[in-house]
Amino acid sequence: MRRRHCKISVALTSRVAGRGSYSPCGGGTTSARLAGMAEQTLSQVNAITERVIGAAIQVHRTLGPGLLESVYLACLLYEFRAAGLSVETQYKLPIQYGDVLIDCGYRLDAMVESTVIVEVKSIAELAPIHEAQLLTYLRLSNRPVGLLINFNTKVLAHGVRRLINGWLPP
């Protein structure tokens, strides 16, 4: 698996699973599997992630770092709904293995507009395993984008990772 990095406007990092990369800054290339997505769909996904990040910034400005994940998630859900975003919390993610559907108890923190997966953390530092977990959720759910948000930072932009699913079906 090859990953490429690109900086976007608020110092967030976008990572791609699979080949190639997509630049939310504009002008970048897309992986072969993302190339099939309509430009309008891509712009809609970008608009949703911008609104999600804006809501997270509002929560972080109000509360600051150092609280439990559950507090940030509850406030984030409030901000999503106040912004008119549809959101499902503790979204169930079953695993399809062969002919069997296995409900392993995986729960996503939030699914916004049935498109963007949001995972909330309040830890000292994000680790590669957190990104790997979100990339797996994206692949298993066939969703295009996920946001990993760590509220335990002085500046929230340093704790946000935007990950792209490079394994979408054609």
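The values are calculated or read from the model by the stated rules, or taken from the named source; none is laboratory data. A quick note: this is a predicted structure, and the numbers were derived from the prediction, not measured. Using ideal geometry, Cβ is built from the backbone for each residue, glycine included, and neighbour counts are taken over all protein chains shown.
Filtered by the rule that a residue be touching a strand residue (DSSP E or B) at 6+ places or on another chain (Cβ under 9 Å) and among the β-branched types (Val, Ile, Thr), the range 115-152 gives Thr115, Val116, Ile117, Val118, Val120, Ile123, Val145, Ile149. Among the residues of the range 101-109, is there at least one that is out of contact with any Phe, Trp or Tyr (no Cβ under 6 Å at 6 or more places or on another chain) and at pLDDT 95 or above? Checking the range 101-109: at least one residue is out of contact with any Phe, Trp or Tyr (no Cβ under 6 Å at 6 or more places or on another chain) and at pLDDT 95 or above.
How many residues, within the range 65-92, are of a type in the set (Lys, Arg) and either in a helix (DSSP H, G or I) or at pLDDT 95 or above (or both)?
Pass one, the range 65-92, residues of a type in the set (Lys, Arg): 81, 92.
After this cut, where a residue has to be either in a helix (DSSP H, G or I) or at pLDDT 95 or above (or both) as well, the list is 81.
Residues flagged as of a type in the set (Lys, Arg) and either in a helix (DSSP H, G or I) or at pLDDT 95 or above (or both) within the range 65-92 amount to 1.
Within the range 20-33, at least one residue is surrounded by 19 or more Cβ atoms within 10 Å (Cβ to Cβ), under 15 Å from the mean Cα position of the chain (by Cα) and either modelled with pLDDT under 50 or over 20 Å from Leu138 (Cα atoms) (or both). Restricted to the range 97-114, and to residues there that are in contact (Cβ under 8 Å) with a residue 12 or more places away in the chain and in a strand (DSSP E or B), the residue that is farthest from Ala157 (Cα to Cα) is Arg107.
Against the definition (in a strand (DSSP E or B) and modelled with pLDDT of 95 or more), how does Ile117 come out, yes or no?
Yes: the conditions hold for Ile117.
Sub-9 Å Cβ pairs linking a first residue in the range 55-77 that is more than 14 Å from Leu148 (Cβ to Cβ) to a second residue that is among the basic types (Lys, Arg), at least 6 apart or interchain, are Gly64/Lys154; Pro65/Lys154, ordered by first then second residue.
Take the conditions (1) within 15 Å of the chain's Cα centre (by Cα); (2) in contact (Cβ under 8 Å) with a residue 12 or more places away in the chain; (3) not in a loop (DSSP other than H, G, I, E, B); Ala132 misses just one of them, which is (2).
Here's the yes/no breakdown for (1) within 14 Å of Val160 (Cα to Cα); (2) in contact with a Cys (Cβ under 9 Å, 6 or more places away or on another chain); (3) surrounded by fewer than 12 Cβ atoms within 10 Å (Cβ to Cβ):
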residue	(1), (2), (3)
His60	yes, no, no
Pro65	yes, no, no
Val87	no, no, no
Gln96	no, no, yes
Leu108	no, no, no
Val120	yes, no, no
Gln133	no, no, no
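For the structure I just gave you, tell me whether Asn142 is modelled with pLDDT of 95 or more and polar (S, T, N, Q). For Asn142, the condition - modelled with pLDDT of 95 or more and polar (S, T, N, Q) - is not met.
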